[in-house]
Structure formats: structure tokens, C-alpha cells
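Take a look at the structure set out below.
The values are calculated or read from the model by the stated rules, or taken from the named source; none is laboratory data. Predicted model only: the values in this text are computed from it and were never measured. Here the Cβ positions follow ideal geometry from the backbone for every residue, glycine too, while neighbour counts run over all protein chains shown. Ligands, DNA and RNA are excluded from the accessible area calculation, which covers all protein heavy atoms including side chains. Shrake-Rupley method; radii C 1.70, N 1.55, O 1.52, S 1.80 Å.
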Amino acid sequence: MCKCHKLVRGCGLSFGFVFASLLTLISSCSKAQDTPASLKVLPNGLRLIVNHKSTLPLVALDVWVKAGAGKELSNQSGAAHFLEHLIFKGTPTRKPGEIDSAIEDLGATLNASTTQNSAHYYTTVAKDYIDSAVTVVADALRNASLDSKQTEIERAVILDEMARGRNDEVKQLRSLLNTSLFSGTSYAHPVLGEVESLKHLSNETIVEFYRKWYVPNNVTVVIVGDITLEHAEALVKSQFGSWPQKPLVDLDLKSVANTGMSNGPVPQITYPYGIGYGLDVSEGVKLSEAGKIIALTLGDSQWGRLAGKLKSALEQVQDVPAPKRAIGIRPKD
């Protein structure tokens with residue numbers, strides 16, 4: 001076992017030098033202990049991904065629920081994002097504010113975000129506190145109270161958030177792009193919802209959305225940091241293992257506007273060999289500029305894998321006007 005604990009003495013060394021040396025030492029000691037990411041599927045369908053990284057004594061916890069705005073029916077616009085706010089507002093055993101306080105007592109913060117595809121809840125804690133963090137987050141996701149009083153409080157908060165978003169040019173452009181590209185489907189709606197629909201969105205509708213999509217077979221828990229696979233698996237099983245599985249009926253994006261929902265179970269998805277977009281580029285428009293629009297639909301090119309690959313591919317394309325070209329992204333075999 002590599003010994004990484006050392007006492008640094010002396011005033012002649014700069015703090016920066018000592019700090020850099022410690023990081024180098026910790027890193028060199030931990031490389032041999034790190035393991036590749038592992039995927040485990042619990043009996044109730046919950047997916048667990050664990051990546052042991054012992055460089056620092058920290059553990060990141062990310063929970064992804066496939067319950068973004070793209071899952072909303074026409075009468076549920078804004079429900080996915082509304083839930084992001086309400087999940088933190090108490091359970092039968094924790095009053096409003098106690099979930100955030102419990103994580104803050106661990107020296108961390110609990111945050112969340114919503115996209116068209118998912119709701120994402122995340123925090124990073126010292127490794128000694130990961131058991132407590134998973135316990136709190138599991139309680140919040142499994143047992144959200146969704147009290148009507150808290151719904152009205154958060155409604156005002158979200159309406160204010162929407163008002164501020166109208167001054168964000170990037171958000172407005174992305175919204176217009178989605179409206180144009182995905183017309184007739186739930187993906188055309190803003191993630192935060194429409195102002196008028198949000199004003200009248202009932203607590204019952206939010207609860208219905210929660211009960212339908214917040215089920216273990218629709219959830220992925222990702223744990224990365226100074227924790228072993230065995231520890232992470234036992235911990236997640238203890239907190240999420242008894243969460244009852246429910247059958248999922250996915251949405252037919254093309255029929256959402258008309259019938260609201262398709263019949264039958266979730267179809268089995270076969271991963272494609274690659275993803276391609278056909279570009280019908282107007283005369284005089286550069287290929288790279290059109291490609292940037294496509295990259296925007298795939299997400300943030302800095303953090304998103306597909307958007308990043310497309311951005312990299314565009315840098316290799318000869319930037320000349322072209323009436324028709326195609327750009328493809330092929331994942332590694």
C-alpha cells in the first residue's frame with residue numbers, strides 16, 4: 001500500500017510549491033488503485049455506474065431521471081422543471097428546507113437541472129459523508145411530499161426565473177430553434193414551460209408526472225470518486241433497492257400533440273452505428289455555420305460528448321459554400 005500522508009515543515013518552501021507537490025504525490029499514489037467505470041443493474045431496474053477515482057478524498061453523486069420536458073403531455077408543460085424545485089421541498093420525514101440543510105451539514109450543496117431529456121440531481125461530498133448524502137438524496141427522490149403549499153411558493157420562483165430568462169439571448173435562440181426543429185412534438189416546448197400554462201399547472205398534474213416517471217427503472221445513479229464498487233453497490237442497494245419497479249409506457253413524439261400518448265411498452269432500442277444529419281444548405285452559407293446549429297441541438301459542446309465530437313469534426317471540414325453536404329458522427333466500435 002502506498003503511503004500518502006506526510007507532514008510538511010519549514011518556512012522556506014512556498015505554499016504553491018508544497019500544494020503542487022502534495023497533489024503530485026497523491027496522484028501518483030492513487031493511479032494504481034483506480035478502476036474503470038462499472039455498470040450494475042439492480043433487480044428493480046435502477047442502473048448504477050461507479051468509477052473509482054482516488055486522486056482526492058471526494059465522491060461525486062449524480063442521479064439522472066429520464067423525465068425531462070420531452071416526456072410532458074400537452075397539459076403538463078413545465079411539470080418536469082417544476083419537479084426539480086419541489087423534490088427538495090420535503091418528504092414525510094424531512095420538513096421543507098431540511099433536505100438542503102442535511103447536505104450543507106456535510107459541507108456540500110445539492111443542485112439540479114432539467115433538460116428536454118432528463119432531470120439531474122447532483123452533489124459532491126467528502127468520501128466519509130457519501131453514505132449520508134446518498135441517504136438524503138434517495139429519500140428526496142423516492143418520497144417527495146409535493147405539498148400544494150410548496151407548489152404555490154415555487155410557482156412564483158419559477159415565473160421569476162422565466163422572466164429573467166427572457167433577457168438571455170442564448171436561451172431565447174435555443175428555444176426558437178427547438179420550436180422550429182421539433183414542431184408538433186413535446187420537444188418544441190420550452191423546458192420551463194409556457195408562462196400561461198405554468199400559471200395554471202395544478203399540483204395534481206405535477207404529482208401525476210412524478211408518479212409516472214420517478215421510478216427506479218427510469219433512473220441512473222452515477223458515483224465517481226474515492227469509493228469502491230463494492231461499497232457503492234451496497235450503499236445504493238440499501239437506499240434504492242426497495243423502490244418498487246413500475247412498467248413504463250414511453251411517449252410517441254409524433255403523436256403527443258394529437259393523442260397525447262402511445263400505447264404499449266417501451267420499445268427496445270438498438271444502438272445505431274452512427275448518427276447523421278442531412279444538410280440542405282442555402283447557397284452562400286458555410287457548412288461550418290450550419291453545423292453549429294446542429295451542434296447546438298445536441299447540447300453543450302464543452303460537456304456534451306456528441307456535440308463535442310461534431311464540433312471537432314467541423315474543424316476538419318473545408319469551410320466552403322456547399323449546396324448539399326452531410327455530417328456524420330460514428331461512435332467508437
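Consider region 210-226 and keep the residues that are open to solvent by less than 10 Å² (accessible area, probe 1.4 Å) and among the aliphatic types (A, V, I, L, M). The one that is farthest from Asp62 (Cα to Cα) is Val215. If the condition is being out of contact with any strand residue (DSSP E or B) (no Cβ under 7 Å at 6 or more places or on another chain) and either open to solvent by 60 Å² or more (accessible area, probe 1.4 Å) or on the phi > 0 side of the Ramachandran plot (or both), then region 139-155 contributes Leu146, Asp147, Ser148, Lys149, Glu152, Ile153. You will find that of Ser197, Ser175, Ser183, the residue that is touching a Pro at 6+ places or on another chain (Cβ under 7 Å) and farther than 13 Å from Thr151 by Cβ is Ser175 and no other. Taking each residue of region 48-68 that is closer than 21 Å to Lys212 by Cα and of a type in the set (Phe, Trp, Tyr) and looking for partners that are open to solvent by less than 30 Å² (accessible area, probe 1.4 Å) and assigned to a loop (DSSP other than H, G, I, E, B) with beta-carbon atoms closer than 6 Å, six or more apart or interchain, yields Trp64/Ser118.
Can you go through Leu181, Leu176 and tell me which one is without any contact (Cβ under 8 Å) to a residue 12 or more places away in the chain and surrounded by fewer than 17 Cβ atoms within 10 Å (Cβ to Cβ)? On inspection, the qualifying residue turns out to be Leu176.
When Val191, Val136, Val207 are checked against the criterion of being open to solvent by less than 40 Å² (accessible area, probe 1.4 Å) and in a loop (DSSP other than H, G, I, E, B), Val191 stands alone in meeting it. Put simply, of Lys246, Lys199 the only residue that is basic (Lys, Arg) and part of a helix (DSSP H, G or I) is Lys199.
Of the residues making up region 89-113, those that are open to solvent by 20 Å² or more (accessible area, probe 1.4 Å) and under 30 Å from Leu181 (Cβ atoms) number 2.
Given the condition outside any loop (DSSP other than H, G, I, E, B) and within 19 Å of the chain's Cα centre (by Cα), answer yes or no: does some residue in region 141-154 qualify? Among the residues of region 141-154, at least one is outside any loop (DSSP other than H, G, I, E, B) and within 19 Å of the chain's Cα centre (by Cα), which makes the answer yes. Residues that are under 22 Å from the mean Cα position of the chain (by Cα), at pLDDT 95 or above, part of a loop (DSSP other than H, G, I, E, B) and surrounded by 12 or more Cβ atoms within 10 Å (Cβ to Cβ): does region 46-62 have at least one? Yes: one or more hits.
There is at least one residue in region 25-37 that is over 15 Å from Gly225 (Cα atoms) and either modelled with pLDDT of 95 or more or open to solvent by less than 60 Å² (accessible area, probe 1.4 Å) (or both).
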